[in-house]
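K.L.:
Sending over a structure as structure tokens; questions will come in a sec.
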Amino acid sequence: MNPSTATENIATEKNCNIATEKRAIRRMNISEASNISGSVTEFILLGFPYRREIQILLFVIFSLIYLLTLMGNTSIICTVWSSRKLHTPMYILLANFSFLEICYVSSDVPKMLTNIISQTKSISFAGCLLQFYFFFSMCAAEGYFLSAMSFDRFLAICRPLHYPTIMTHHLCAQLVVSCWVGGFLSILIPAILMSRVPFCGPNIIDHFFCDLGPLLALSCAPVPKTTLTCATVSSLIIVITFLYILGSYTLVLCAVLRVPAGSSRNKAFSTCASHFLVVSLFYGSVMVMYVSPDSRSHPGTQKFVTLFYCMATPFFNPLIYSLQNKDMKDALKKVLGAPSNEISKNTEK
């Protein structure tokens, strides 16, 4: 064998060995990347890293708001349930919306309150993904319910003669089911994609719940498809529902302005004003958070805006609907006044 041939064979063997090692390393990296999400078993939610005295004060304030939110929305549900006068599509949608607010605020606030007074401030990997899924599902369902309520007001004011034949209880039930199911289905694909994001550390989230941006920031590798899908889904839900609601209330406002001044016009204004105020509170804060390009670069602003639409909007909604709506106020007074009336009757006997 020629020396040159032997040298070529040795070089060829070395190249083959190097190529084999590269393929093995590439397979190992792929295997590690596919299992890397299992290396993080829990996340640390920093929440509000202030002094202990301030944290206790925040715990008291947030607990009070949470309890009042539960009481306010529960009172609307009980009022609609107990009053036959309110067994109409408008109030059935409102009762479901109030129940949604209870679920919405309960998806993240109890864990936030626990972490404020806890020293560990941890949440499991599965718990974090479930919190992400349920919170954003409720958020999507809220947009759908607000759209359904604007559709109901559009029919009632712009098509009053056709309203009883169009907005039947069957259609109302279909709208309610569609809003609930649509909310959970809309976030299913983003939640599945988030469960496949590789997390290998660090596991500290500078937030009080498992929000989309802070979670993606902890990814070990770029996940452009997941980021694009989540951004597209959230943007479509926000923009489409908001434009539909805006268009509906524009038509409603034009119809109300054509009505002669009087009690019917004032009632229409009162009802639509309460709905539009709720829409403004919700979409104003959500758009600042997920549409504004500078909102995610400041963690303090991010927490404040998220806290607003997590707690403030569910807290103000029952106040807005009960104070702006005369039928709701009358029915609520009857429900709250029933125990005292029964007691007075029993004492008289």
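The values are calculated or read from the model by the stated rules, or taken from the named source; none is laboratory data. Because the structure is predicted, anything quoted here is derived from the model rather than measured. Because the Cβ atoms are built from the backbone with ideal geometry, glycine has one as well, and the counts that use them run over all protein chains shown. For the accessible areas, the whole protein counts, side chains as well, though only heavy atoms, and no ligand, DNA or RNA atoms are used. Shrake-Rupley method; radii C 1.70, N 1.55, O 1.52, S 1.80 Å.
K.L.:
Just give me the residues in region 96-132 being of a type in the set (Ser, Thr, Tyr) and open to solvent by less than 10 Å² (accessible area, probe 1.4 Å), in sequence order.
P.N.:
Residues satisfying the conditions are SER98, TYR104.
K.L.:
When only residues in region 143-159 that are free of Cβ contacts under 8 Å to residues at least 60 places away in the same chain and part of a helix (DSSP H, G or I) count, which is farthest from the chain's Cα centre (by Cα)?
P.N.:
LEU155
K.L.:
Which residue is nearest to TYR309 (Cα to Cα), if the candidates are limited to region 46-72 and must be open to solvent by 20 Å² or more (accessible area, probe 1.4 Å) and not in a helix (DSSP H, G or I)?
P.N.:
PHE48
K.L.:
Still on this model: For region 336-343, state whether one or more residues are at negative phi and either modelled with pLDDT of 75 or more or of a type in the set (Val, Ile, Thr) (or both).
P.N.:
yes
Conditions (1) surrounded by 21 or more Cβ atoms within 10 Å (Cβ to Cβ); (2) free of Cβ contacts under 8 Å to residues at least 40 places away in the same chain; (3) of a type in the set (Lys, Arg), marked per residue:
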{"position": "PHE134", "(1), (2), (3)": "no, yes, no"}
{"position": "SER137", "(1), (2), (3)": "yes, no, no"}
{"position": "ALA141", "(1), (2), (3)": "yes, no, no"}
{"position": "LEU161", "(1), (2), (3)": "no, yes, no"}
{"position": "VAL181", "(1), (2), (3)": "no, yes, no"}
{"position": "GLY201", "(1), (2), (3)": "no, no, no"}
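K.L.:
I'd like the full set of residues that are of a type in the set (S, T, N, Q), open to solvent by less than 40 Å² (accessible area, probe 1.4 Å) and assigned to a helix (DSSP H, G or I), limited to region 73-95.
P.N.:
ASN73, SER75, THR79
K.L.:
Condition check: at pLDDT 90 or above and open to solvent by less than 70 Å² (accessible area, probe 1.4 Å). Does LEU185 satisfy that?
P.N.:
The answer is no for LEU185.
K.L.:
Shifting gears a bit: Hey, TYR321 hits all of (1) modelled with pLDDT of 80 or more; (2) under 12 Å from GLU101 (Cβ atoms) but one; which does it fall short on?
P.N.:
The single condition TYR321 does not satisfy is (1).
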